[in-house]
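Everything on this sheet refers to the single structure shown next.
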Ligand code: PHE
């Protein structure tokens, strides 16, 4: 390698190394002589010179014992046992009750254990030791041990080292690498004049571009192979990023977005969708009913129409569910259990205009939290209403959506929902397995006719968190919402 292509820090370091030919240079010596603050510059230059054959690097790795987070605190405030022992020695009647007033609960508990192992026991309700001076000696030795860190393990007292290793968070062992550099014969042969630091341009400014000086300028190339720190900038939460992606796919497919409230009535959430009033999913253990508003008014013509449908099928030719329909039940306030509550209201307001509408929004179900369930989650909902809309179109739309999401293998299977016929379950192939992501179907006449909806309506509702688990490769849905910063930083940009 040619000395001409050396970078400025490499030139400076090689000049320094040439000044003392048979010397092993330590990092501190290099920093000092080269007048650098940043050890990364020295290590980088040493690396470059070694690759060029001008320098040889000797690396030695060794274990270092240093203070961990709790250890740093203990060094500042004193070890827990030292503080306890001081309190015992100074207190008139050091008993359990006063200990609890002087020390936090998270210290008092472990503290008693520590004292016990030092031979300080509760006797007649008072802390006491048979041999107070040996307690002091031991505690002082422990404090001195912490003060002597960082240190190599070999120069530490081995029993104290074992002791601290068994306690949480006080000390930690790290491998530290020390480097020394010495010049090679090739390095010695480099002509001093080729080691003059050159002015090279590292930043392109408007002035530079306007002045035309750039034409003869010497630009410093970027070395994109070097490791660098990742800048900690703000970015969207992966769930938000996923919502944006889903949104842009539906917009691209010609849909408009519907955004609506999650406080709804049982009437729209269930009755309008021909979900029978005694359906188990309506019960308190599945649905969050509200105290306030406990009930929300619904126009009588609607509850009458739903009542007729539920009791005997209205004008649709259906036989309905039978039994008697309660308008009071319709008016109950609840947190929506699916976003279909919003698409059905959209249709009720726009019963005759062909449309493509979607939403990505929050729903609530009384679920116990576990690996695959949350009481609050999101659904990706959509409808297409137009003359001639059919099952094939529904399946094609869902396949297009998942293909755009990056999942080309989609299948549908027969399913059941009270409001659709036929009803489908949508499954996506992921890592060789079929995973169920949602439901779909064509709204039944019992749903569309009372609202005056004139054309077939294709509808679907899919779980967003389920999809997020696929996209992010998660096996626990809770990971999405625990705000684990380390995890969040490492998520791909969606
Ligand atoms: N609402 C259904 C659910 O919550 C999904 C669905 C929507 C099914 C529209 C059919 C039609 O699971």
Region 428-464, residues that are within 13 Å of the ligand (Cβ to nearest atom) and within 23 Å of the chain's Cα centre (by Cα): 437, 462, 463, 464
Going by the structure shown, is residue 226 in contact with a helix residue (DSSP H, G or I) (Cβ under 6 Å, 6 or more places away or on another chain), farther than 25 Å from residue 336 by Cβ and away from the ligand (no atom under 16 Å from the Cβ)? no
Listed by first then second residue, the pairs whose first member lies in region 424-437 and is touching a residue at least 12 places away in the same chain (Cβ under 8 Å), whose partner is surrounded by 14 or more Cβ atoms within 10 Å (Cβ to Cβ) and outside any strand (DSSP E or B), with beta carbons under 6 Å and at least 6 positions apart or on separate chains, are 426/398; 428/402; 428/407; 430/470; 437/466
Residue match in region 63-73 (condition: surrounded by fewer than 16 Cβ atoms within 10 Å (Cβ to Cβ), free of Cβ contacts under 8 Å to residues at least 24 places away in the same chain and within 20 Å of residue 163 (Cα to Cα)): yes
Only residues that are surrounded by 14 or more Cβ atoms within 10 Å (Cβ to Cβ) and within 18 Å of residue 70 (Cα to Cα): list them for region 98-109, please. 103, 107, 108
Checked region 377-402 for anything surrounded by 14 or more Cβ atoms within 10 Å (Cβ to Cβ), away from the ligand (no atom under 14 Å from the Cβ) and either free of Cβ contacts under 8 Å to residues at least 60 places away in the same chain or under 24 Å from the mean Cα position of the chain (by Cα) (or both); matches are 399, 402
Of everything in region 315-332, what is surrounded by 15 or more Cβ atoms within 10 Å (Cβ to Cβ) and either within 48 Å of the chain's Cα centre (by Cα) or within 16 Å of the ligand (Cβ to nearest atom) (or both)? Give them in sequence order. 320, 321, 325, 326, 327, 329, 330, 331, 332
Does region 333-376 hold any residues that are under 21 Å from the mean Cα position of the chain (by Cα), under 12 Å from residue 258 (Cα atoms) and within 13 Å of the ligand (Cβ to nearest atom), and which are they? 361
Of all residues in region 44-67, which are under 34 Å from the mean Cα position of the chain (by Cα) and closer than 11 Å to residue 9 by Cα? 44
Could you count how many residues in region 403-419 are out of contact with any strand residue (DSSP E or B) (no Cβ under 6 Å at 6 or more places or on another chain), within 15 Å of the ligand (Cβ to nearest atom) and either part of a strand (DSSP E or B) or closer than 15 Å to residue 467 by Cα (or both)? 1
Given the condition assigned to a helix (DSSP H, G or I), more than 38 Å from the chain's Cα centre (by Cα), in contact (Cβ under 8 Å) with a residue 40 or more places away in the chain and surrounded by 12 or more Cβ atoms within 10 Å (Cβ to Cβ), answer yes or no: does some residue in region 141-153 qualify? yes
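The rows are residues; the columns are (1) assigned by TED's automatic domain parsing to the domain that holds residue 150; (2) surrounded by 15 or more Cβ atoms within 10 Å (Cβ to Cβ); (3) assigned to a loop (DSSP other than H, G, I, E, B).
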| position | (1), (2), (3) |
| --- | --- |
| 36 | no, yes, yes |
| 45 | no, yes, no |
| 50 | no, yes, no |
| 116 | yes, no, no |
| 127 | yes, yes, no |
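Table: residues versus (1) surrounded by 10 or more Cβ atoms within 10 Å (Cβ to Cβ); (2) closer than 30 Å to residue 366 by Cβ; (3) in contact (Cβ under 8 Å) with a residue 40 or more places away in the chain.
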site: 213; (1), (2), (3): yes, no, no
site: 224; (1), (2), (3): no, no, no
site: 257; (1), (2), (3): yes, yes, yes
site: 264; (1), (2), (3): yes, yes, yes
site: 269; (1), (2), (3): yes, yes, yes
site: 279; (1), (2), (3): yes, yes, yes
site: 292; (1), (2), (3): no, yes, yes
site: 313; (1), (2), (3): yes, no, yes
List the helices (runs of 4 or more DSSP H) inside region 424-494, counting only whole elements, that have at least 1 residues being in contact with a strand residue (DSSP E or B) (Cβ under 8 Å, 6 or more places away or on another chain) and in the same structural domain as residue 411 (by TED's automatic domain parsing). 445-448, 464-472
Conditions (1) in contact with a helix residue (DSSP H, G or I) (Cβ under 7 Å, 6 or more places away or on another chain); (2) within 15 Å of the ligand (Cβ to nearest atom); (3) closer than 23 Å to residue 365 by Cβ: number failed by residue 422: (3)
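The values are calculated or read from the model by the stated rules, or taken from the named source; none is laboratory data. Computed from a predicted model, the values in this text were never measured in an experiment. Cβ: placed from backbone, ideal geometry, glycine included. Neighbour counts: every protein chain shown.
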